[in-house]
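Student: Structure in structure tokens, see below.
The values are calculated or read from the model by the stated rules, or taken from the named source; none is laboratory data. Please read these numbers as outputs of a predicted model, since none were measured by experiment. Glycine also receives a Cβ, built like all others from the backbone with ideal geometry; neighbour counts cover every protein chain displayed. For accessibility, only protein heavy atoms count, side chains too; no ligands or nucleic acids. Shrake-Rupley method; radii C 1.70, N 1.55, O 1.52, S 1.80 Å.
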Amino acid sequence: MVPDVSTGDRSRGLLSYLFGPGRRNEHTDPHIVAAFAMPGINDPGRVPLDQHHNTLSELADYLDQPVKLREQRLGKKVPQHVWHCPVRTAPGDRYLTDDEWGEVARRIVHATGIAEHGDDTACRWIAVRHADDHIHIMATSVREDGRRPRNKRDGQRAQAECRRIEAELGLRRLKSGDGTAPKTPTGAEVAEAERQGRHQTARQWLREHAYAAAAAATDEDEYFAVLTALGVNVRHRIGPKTGEKTGYSLAAPGDTDSKGEPVFYSGSALAPDLSLGRLRERLTPTNHEATLPARAMNHGRGGSGEAWRRAEAELRTTYAFLHDEPAGEEADARVQAQAAAFAELLHNTAATAPKTLRTELHTAAVAFDRANRSAIRADHQSAYALRQAGKELIRGLGGKDGDAVTTLLSTAVFVAIALARWHEQHGHQQQAAAAQQTLVYLRTAYQHAARPTLAHLAERTPGPDEARRLAATVQAAVPDHAERILTEQRELDTADHPAEVLIWRLRTNTTDRINQRTRAAQTRSTRRHTPTQSEAGHPPTGTTALPESANDARRRTR
């Protein structure tokens, strides 16, 4: 159940919309389901058509009476006196009855401080239902006693009450938010998509394509060029004094209003991190580029297989950093940056992986879009290497190196697990749930990609005689550890995918050993050298989790 609190200054205008046909004739049977004084209100949805407009005006005047009295007493207008809160059930929920919606409305106005139970001098309000899955609560935010209501943090209070209502009514339990979620599509947008036979609204379609374009682009101009190539209508907002771009809006192909004009959505209306300012933080080149390893700067060289291997190497670096469970504000800013870069890599992986994997990976990328941001501000420079490695996938094009793709997906699974754990530790409920959902799709894609290799490993399972001989060898070679090793081997017999368990153990044990050596090396280096102020101003991009191959070393010396 999703509430969305906003304010305005035109009571009559909002009532006209609530009891009208809707922007695309999506409203059906508009009527009042609850109000501050239900018996004394004339419902505009239940009067003859020739009385409809007069009834709307009478209702607006009735709701505005305390507002007019306050304005007369103070000698000035009451700003933003219209309080508006649509409340929508989640997709797949059962439809509530009018009585149930009425109780929801009474609980929301009580929880937000608009009209607490038993307060005879509270604000005037009504709740209108004009669709099966939602209501609109409208109030005028001046109390009967002339005071303004104490409704600070009303949006958060409405969210908390909706969580309790969901549990009591058996509805889908949504996660508590932190103000970083994208705007929910309106009923009009959903109705329009249904009429056009589309499974997602124009807002959702634009959001997905904007994220994909940002993942592929290397600068701001390329971002808009990619969107234009996809058929998206781009409109820039230009500063009147500077003449520079201060924002932008996007319109989906074929999405027009009643006048045939494109319906535009600003970048921030699609998602908070798609505003022009947030995009520039990621896309604007910085002097941090000069500190990167050579492999991170080697765009497009070595073919698609090499691009996949470079991306996997940077993912291992990210996993090694996350595996240490870094703490502190600076570390959190770096983790948030890694999450954003990982989201971009998922979009580029979905675009360039073998066709049999693309649907699952696209779904994973879209799911992780909610997990790639939180209230923590990202230090995007610290994730530059991972971001650039992800962009190399687009420039390499194609994913014919099956082993390289499988290896990257395996590492992506571990990174998703680590990021889900980080979000959980920080109380980011929606982000943690999105990361867990991403994990489901990534695992499916990995299992599909790894199927030939895992099948080959399964064929090499030792028989009973060879198993006894190997057990005797282990006991003779490492008697102090033999029992634990053999016990874990027996546990593998119960695993759904023994080869995957072995790969995970090998990777985790190797990472632990490398991390221990890395920390020891860093300690020795710190003792020998105290960094200068300029060096301290640029945190390292992360420590390589696994040793470079001989080929990598040779390439660097050429």
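Student: If we sort 336-343, 110-117, 380-387, 162-169 on the protection proxy, mean other Cβ atoms within 10 Å, highest first, what's the order? All intermediate terms of the calculation are to be shown ahead of the outcome.
Tutor: Details: 336-343: 27.0, 110-117: 20.1, 380-387: 23.9, 162-169: 15.0.
The peptides rank, most packed first, as 336-343, 380-387, 110-117, 162-169.
Student: Heavy atoms of the protein only, probe of 1.4 Å, neighbouring chains included. What is the accessible area of Lys183 in Å², nearest 10?
Tutor: 90 Å²
Student: Need one word for the range 39-101: rounded, prolate or oblate. Basis is the Cα gyration tensor (sqrt eigenvalues a ≥ b ≥ c); a/c below 1.5 gives rounded, then a/b vs b/c decides. Don't skip to the end; give the middle numbers.
Tutor: Details: a/c = 3.04, a/b = 1.51, b/c = 2.02.
Oblate shape, in that a/c is at least 1.5 and b/c is the bigger or equal ratio.
Student: Going by average Cβ neighbours within 10 Å, how do the peptides 351-358, 467-474 rank, with the highest at the top? Could the numbers behind the result be given before it?
Tutor: On the way: 351-358: 16.6, 467-474: 12.6.
Ranking the peptides 351-358, 467-474 by packing returns 351-358, 467-474.
Student: Read phi for every residue in the range 101-106 and hand back ³J(HN,Hα) as whole Hz from Karplus 6.51 cos²θ - 1.76 cosθ + 1.60, θ = phi - 60°, with x for Gly and Pro.
Tutor: 5, x, 5, 4, 4, 4
Student: If you plug each phi of the range 131-136 into the Karplus form 6.51 cos²θ - 1.76 cosθ + 1.60 with θ = phi - 60°, what whole-Hz ³J(HN,Hα) values come out, in order, with x for Gly and Pro?
Tutor: Running phi through 6.51 cos²θ - 1.76 cosθ + 1.60 with θ = phi - 60° gives 7, 5, 9, 7, 10, 10 Hz.
Student: Return the aspartates and glutamates within reach of Lys355: Cα separation strictly under 13 angstrom, same-chain partners fewer than 8 residues apart disregarded; answer none if there are no such residues.
Tutor: Asp401
Student: Here's another thing I want to ask about it. Tell me, what HN-Hα J-couplings in whole Hz come from the Karplus equation 6.51 cos²θ - 1.76 cosθ + 1.60 at θ = phi - 60° for each residue of the range 85-99, using x for Gly and Pro?
Tutor: Result, ordered by residue: 9, x, 10, 10, 7, 6, x, x, 5, 5, 7, 7, 7, 4, 5 Hz.
Student: Additional query: Mind putting a number on the dipole of the range 44-139 about its Cα centre? Charges go on the C-beta only, +1 for Lys and Arg and -1 for Asp and Glu, and I need it in Debye to the nearest 20. Please report the intermediate quantities before stating the final value.
Tutor: Working: 12 positive and 15 negative charges, 101 e Å.
Result for the range 44-139 is approximately 480 debye, rounded to the nearest 20.
Student: Which lysines, if any, have their Cα less than 21 Å from the Cα of Lys152, not counting same-chain residues under 8 positions apart?
Tutor: Within reach: Lys77, Lys183.
Student: Provide the net charge surrounding Glu103, with neighbours chosen by a C-beta distance below 14 Å and charges set as Lys +1, Arg +1, Asp -1, Glu -1.
Tutor: Working: positive: Arg106, Arg107, Arg129, Arg164; negative: Asp98, Asp99, Glu100, Glu161, Glu166, Glu168.
Local charge sum for Glu103: -2.
Student: Still on this structure, I have one more. Quick one: which of 415-422, 97-104 comes out on top by average Cβ neighbours within 10 Å, and what's the full order, highest first? Spell out each step's value before the answer.
Tutor: Numbers: 415-422: 23.1, 97-104: 16.4.
Per-residue Cβ counts within 10 Å, averaged per peptide and sorted highest first, yield 415-422, 97-104.
Student: For Tyr95, tell me the accessible area in Å² from a 1.4 Å probe, rounded to the nearest 10.
Tutor: 140 Å²
Student: Let me ask something additional. So what's the gap between the Cα centers of the range 108-131 and the range 210-227, to the nearest angstrom?
Tutor: Rounded to whole Å, the Cα centres lie 45 Å apart.
Student: Taking the Cβ of Asp221 as the centre, find all other residues whose Cβ is under 13 Å away and add up their charges (Lys, Arg: +1; Asp, Glu: -1).
Tutor: Details: positive: Lys245, Arg280; negative: Asp219, Glu220, Glu222.
Summing Lys/Arg as +1 and Asp/Glu as -1 gives -1.
Student: Count the net charge of all other residues whose Cβ sits under 10 Å from the Cβ of Cys85, scoring Lys and Arg as +1 and Asp and Glu as -1. Provide the component values of the computation, followed by the final result.
Tutor: Working: positive: none; negative: Asp4, Asp154.
Charge balance in the 10 Å sphere: -2.
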